[in-house]
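Trainee: I'd like to ask some things about the structure below.
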Amino acid sequence: MFHRPIRSVHDFLLSTYFADGLRITLGVLCPSLIFAQYGLLQYGMTCSLGALCVSVVDTPGPIVHRRNAMLITTALITLIFIVVGLSNSNVYFTAFLLVCFSFIFSMFFVYGTRAAAIGTAALLIMVLSIDDVRPWQEVVFSSGLIFAGSIWYTLLSYLFYRIRPFRLVQQTLSDSIHEVSLFLRAKARFYHQNIDYDENYAELLQLQVLVHEKQDDVREILFKTREIVRDSTPEGRFLLLVFVDMVDLFEQVMSTYYNYKQLHEQFDSSGILAHYESVIIKIADELDDIAFALKTGGTPSLPTSLIEDVATLRKEITELETNNTAGKYNTLGIIALKNIEVNIENILTRVKTINSYFNKKEKKNLKAREIDVDRFVTRQTIDPKLLYENITFSSTTFRHSLRVATVMLIGYILAKSLNFSHSYWILLTILVISKPGFSLTKQRNYERLIGTVVGAFLGMGILVYVQDKNTLFVILLFCMIGAYSFQRKNYVVSVVFMTPYILVLFDFLGMGSLSVARERIYDTLIGSGIALLASYSLFPNWEYEKLKQAMLSILRANMKYFEEVIQLYANGLNNLTNYKVARKEVYVTTANLASLFQRMFSEPKSKQIIMTELHQFTALNHHLSSYIATLSLYKKEHAFKVDNFDEFKPVVQNTTYLLNLAIENIQQNKGMPSNVPLIRSKFNESDQDQTEEVVVAEQLDLIQKVAYDIVKLSEKIKI
């Protein structure tokens, strides 16, 4: 029973988070330790500061992007350090620089997250050097140390990559498979008795957001890594095949959506739904084993008990059908059970295929798949025109940049007025907490406060009860690794580690300890309060402002997905690229709308508009994409043949018309209810030779019905 917790710890130690923590700790600590050996700790600390700032942009991604970002950051922070160092004796000019830099570097958000990280690193060096007044000769010399520390960290990061070029892809792919496993477990809970359907569905949507984020991370690294895309190596082909099959597997998991409430009403007494839950959880366990094997270099094995469980499940359904002479169970219910069981078999087959890729003998013989990678990745060009186009109050980035510039100025004035010895902590708190949206700022605010208070008490306890310098150094090292390992995974835990790390470091430097802890709490409270109040009252960005665009995007994506699936039936499986691009877009837009919906809950009640309708809209679109996925699998996985597809054209055309009508309603609701009839598919259910046509017709009817429900709901939505 201790297997899973131990596995979780082992899994974390092999993750990108821990690898980042070790790399950053090594990069930041080494310069200080080396210089300290020669009695030059102060120089070492300056060098470490350069390494720390560059580490901000060293987030997972293609090595070319990481390298370029680190080199740009190196040049930028060296220049800013010189400018601030030469002018910080003048409070007024420093305040002017702070406002200008805060605005300019916050605008970097328009170029994506990595560019935003470069902006954050630039502001970080400014904040940390803003009170450090020294002669110009020392400023120039220290800027050289900053530059050296930055180059040292860049070389270290590049060296880590060159030693194991596939490691980051393995770790990221492993994380994405684990998220699919969690999604599958949430699906399994629908088969549990007395489940709260709404609560579980809300969790399912959140997990879908995480699956999309992780798969997008893999896509970004995998398709932009030359060793994988251009240099076809066995390891590269292996990782590519695993990822492509996992995306297809996730589509199969997505396609299983049924009326679980009706299933429970019919079959709870038989106990068969508990068996479904058990089998699905075992498949999720197998996915976790695959994810773990990717990190450890092991080989997962499919347990024979799982294959036997699926065979037993199939047998139970047959018995249920045979013994249903009294008509206790609805025929449609039994058909649903059969469909779910077939889908489970298909998922299991996909898992077997992925397992086979791990065979070392087979790995060498794996054939590369032709993938038009440019259509699956987004490329951000640094176009000055984009910056110019965002200089408007309608831009959330522009408003965010104005807000950051204003609150940094307020924080600076307050810090100078209070005359704290570490007043830059107020600015640092504002910098870290301020996010483009209110909900994200609020969340980061709470995380920072909780982490700082808990960490400060832990730090004070350590300094009071631990006097031995060697022990303190070990604690310092442990806290550094913890702080940098959790900064992307769990910010609260990261800050809990960060605060004792800073307190112990200050103790080593002879700069006080307990008084520093109290001041850190005060500064954090002040900075948090300023940032949160500003995000509410100063050029605020509310989630409902993005609502219309997000709803339109998901409708268009689902309509395009539906059209591509229809093309599979009409024209065959000639080119799947268009289909896969459309499928990816559905995942992206679904994740965007679901995360937007979740963030709205953190906002004031007055800003939470149409929450009931939005929940229904999100659910209906999830059902729609699930039904379309099921229709596509009939063709892709089972090679369904429909001899006369023209018979379904009226239903297909009406479905497309309904989705277009819903888009029109969201764009401009005229308040006029539409009277659109549903069209029934024409097929002969008694003809046994047309079984596949019957199944396709039923699925098209389901898709049309959901599209109709979306239209009726869109008539009530006014944004």
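Trainee: Does anyone have the angle between helix 691-714 and the longest principal axis of the chain? Alpha-carbon axes, 0 to 90°, nearest 10?
Mentor: Between the helix axis and the principal axis of the chain, the angle is about 50 degrees.
Trainee: With r defined as the distance between the Cβ atoms of Cys100 and Asn675 and R0 fixed at 51 Å, what FRET efficiency is calculated, to the nearest 0.05? Could the numbers behind the result be given before it?
Mentor: Values: r = 59 Å, r/R0 = 1.15.
The calculated FRET efficiency here is 0.30.
Trainee: Could you name the lysines whose alpha carbon sits less than 16 Å from that of Lys282, not counting residues in the same chain fewer than 8 places away?
Mentor: Excluding near neighbours in sequence, the set is Lys187, Lys352.
Trainee: Using the charge dipole of the chain (Lys, Arg: +1 at Cβ; Asp, Glu: -1 at Cβ; taken about the Cα centre), state which of Ser269, Cys53, Val432 has its Cα farthest towards the positive end.
Mentor: Farthest along the dipole direction, towards plus: Cys53.
Trainee: I would also like to ask the following. Which entries of Lys580/Lys636; Lys489/Lys580; Lys214/Lys435; Lys214/Lys489; Lys580/Lys635 show an alpha-carbon separation above 18 angstrom in the structure shown? Could you put the intermediate results ahead of the total?
Mentor: Numbers: Lys580/Lys636 12 Å; Lys489/Lys580 30 Å; Lys214/Lys435 21 Å; Lys214/Lys489 13 Å; Lys580/Lys635 14 Å.
The answer is Lys489/Lys580; Lys214/Lys435.
Trainee: Tell me, what is the percent relative contact order of region 476-622, built from C-alpha pairs under 8 Å that lie six or more residues apart?
Mentor: Numbers: 86 pairs, mean separation 25.9, N = 147.
Here the relative contact order equals 18 percent.
Trainee: In nm, what is the difference between 0.36 nm times the number of residues separating Val694 and Ile609 and their Cα-Cα distance? The partial results should precede the final answer.
Mentor: Values: separation 85, 0.36 × 85 = 30.60 nm, distance 4.17 nm.
Separation in residues times 0.36 nm, less the Cα-Cα distance, equals 26.4 nm.
Trainee: Give me the base-10 log of I(q)/I(0) for the chain at each q in 0.08, 0.09, 0.11 Å⁻¹, Debye formula, one uniform scatterer per Cα, rounded to two decimals.
Mentor: At q = 0.08, 0.09, 0.11 Å⁻¹ the computed log10 ratios are -0.74, -0.91, -1.27.
Trainee: Would you mind putting 614-620, 470-476 in packing order, based on average other-beta-carbon counts within 10 Å, highest first?
Mentor: Values: 614-620: 19.3, 470-476: 14.1.
Taking the mean over residues of other Cβ atoms within 10 Å, the ranking is 614-620, 470-476.
Trainee: Helix 136-163 versus the longest principal axis of the chain: what is the Cα-based angle in degrees, 0 to 90, to the nearest 10?
Mentor: Approximately 30 degrees, to the nearest 10.
Read the figures in this text as sums done on the coordinates, not as results from a lab. Since the model is a prediction, treat every value here as computed from it, not as a measurement. Every residue, glycine as well, gets a Cβ built from its backbone with ideal geometry; the counts of neighbours run over all protein chains shown.
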